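One structure is given below, encoded as C-alpha cells.
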Amino acid sequence: MSKLKEISNEDYCLKDNIGFVSLIDHCGNDLSVVNSARVSFGKRIDVMEEKDEKLIKFLLNHEHGSPLEHNSLTYLVKCPIFVARQWHRHRIGISINEISGRYTEIKEEFYIPLKFREQSKNNRQASIEGELNNQELLEIYKKSVDDSFSAYKKLLEGGVAREQARGVLPLTVYTEYYWTCNLRSLFHFVRLRDHDDAQYEIRQYASAMIRQAKNIFPKTIKIWEDLGRP
Ligand SMILES: Cc1cc2nc3c(=O)[nH]c(=O)nc-3n(C[C@H](O)[C@H](O)[C@H](O)COP(=O)(O)OP(=O)(O)OC[C@H]3O[C@@H](n4cnc5c(N)ncnc54)[C@H](O)[C@@H]3O)c2cc1C
C-alpha cells in the first residue's frame with residue numbers, strides 16, 4: 001500500500017504539508033449500527049429506512065453505545081509528539097502502532113506553528129489570539145529545534161544508540177502511527193478533542209477525522225451531530 005497515494009491535500013490538517021491524518025481502512029457502515037441493535041429482536045435489514053434512523057437517534061439519546069462498536073476505522077496519523085501525548089490518553093476501544101525511535105533515525109521534520117498564541121489569563125491550560133512579534137519568536141523557536149537536531153546527529157555520529165540520542169529532541173518533532181477505533185470511541189475522542197477546551201493543533205486532527213468518517217457513516221454521524229454530539 002502506498003502511503004503517499006492515500007493522503008490527499010485535505011488530510012494535511014496543520015497546513016504544513018507534513019502532519020496529516022488519513023482514514024486508510026474501515027469496516028462496517030450505518031447498516032451495521034442498525035443491525036447490531038436489531039439483533040435483539042432477531043432482525044436484520046439490507047436497506048436503511050426512516051425507522052432505522054429513528055433507531056439510531058434512540059440509541060444515541062439513551063447511551064445505548066454498544067451497537068456503535070461493531071465496526072472499525074483505521075487512521076494513519078503523523079503529528080507532533082506533543083499532540084500524540086494528548087491523543088494517546090484515549091485508551092478504550094483503540095489500537096495503536098507507532099514508529100520507533102529505536103529502530104529508525106528520527107527525521108529532521110518539526111512542526112512550526114503558523115502563528116504563536118498568547119497564554120490565556122483566566123484559563124491556565126488555554127491560549128488566545130494575540131499580537132506577538134511572530135517573526136522574532138519564530139526565529140528563537142527554529143534555532144532551538146535546529147540546535148537539538150544538530151546535537152542529535154552529533155550524538156549518533158559519536159556512536160550513541162538511537163534510543164538514547166533521541167533524548168535531546170523536542171516535543172515538536174513528528175511521530176507516525178496507526179490508530180484504529182470504532183465509532184463509539186471516535187465519538188468520545190471527537191467530543192473531547194474537537195472542542196473549545198482542547199488545544200488548537202489536536203482539534204485540527206479531530207475535526208478532520210470526523211469529516212473523513214462521514215463518508216462511511218453518513219447517517220449515524222449526521223444524527224449524532226444534530227443531537228449535539230451526545
Ligand atoms: C481539554 C483537556 C484537558 C486535559 N488535561 C489533562 C491534564 O492536565 N492532565 C492529564 O493527565 N490529563 C488531561 N487530559 C486527559 C483526560 O484526563 C483523559 O485522560 C483523556 O481525555 C482521555 O479521556 P478518557 O479517559 O475519557 O478516554 P478513554 O481512555 O478512551 O476512556 C473512555 C471512557 O472509558 C471509561 N474508562 C476508561 N478508563 C477507565 C478506568 N480506569 N476506570 C473507569 N472508567 C474508565 C470512562 O468512562 C472514559 O470516559 C485532558 C483532556 C482534555 C480533553
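Values quoted throughout were computed directly from the atomic coordinates according to the rules given, and no laboratory measurement underlies them. As the structure is a prediction and not an experimental result, all values here were calculated from the model. Methodologically, a virtual Cβ is constructed for each residue, glycine included, from the backbone with ideal geometry; neighbour enumeration extends over all protein chains shown.
At-a-glance table
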read-out: Order of Glu50, Glu201 - criterion: other Cβ atoms within 10 Å of each residue's Cβ, fewest first; value: Glu50, Glu201
read-out: Set of segment 205-224 residues, backbone N closer than 19 Å to the point 7 Å along the Cα-Cβ line of Leu192; value: 205-211
read-out: Neighbour-count order for Phe82, Phe58, Phe187, fewest beta carbons within 10 angstrom listed first; value: Phe58, Phe82, Phe187
read-out: Least to most buried among Arg91, Arg184 (fewest other Cβ within 10 Å first); value: Arg91, Arg184
read-out: For the chain, convex hull volume per residue from C-alpha positions, Å³; value: 154
read-out: Other-chain or far-sequence residues with amide H under 5 Å of Ser127's (modelled H); value: Ser120
read-out: Nearest 10 degrees, 0 to 90: helix 183-193 Cα axis against the chain principal axis; value: 50
read-out: Residue of Ile128, Ile96, Ile202 that the Gaussian network model of the chain assigns the largest fluctuation, springs spanning Cα pairs under 10 Å; value: Ile128
read-out: Segment 82-121-segment 166-229 distance, computed between alpha-carbon centres (Å); value: 13
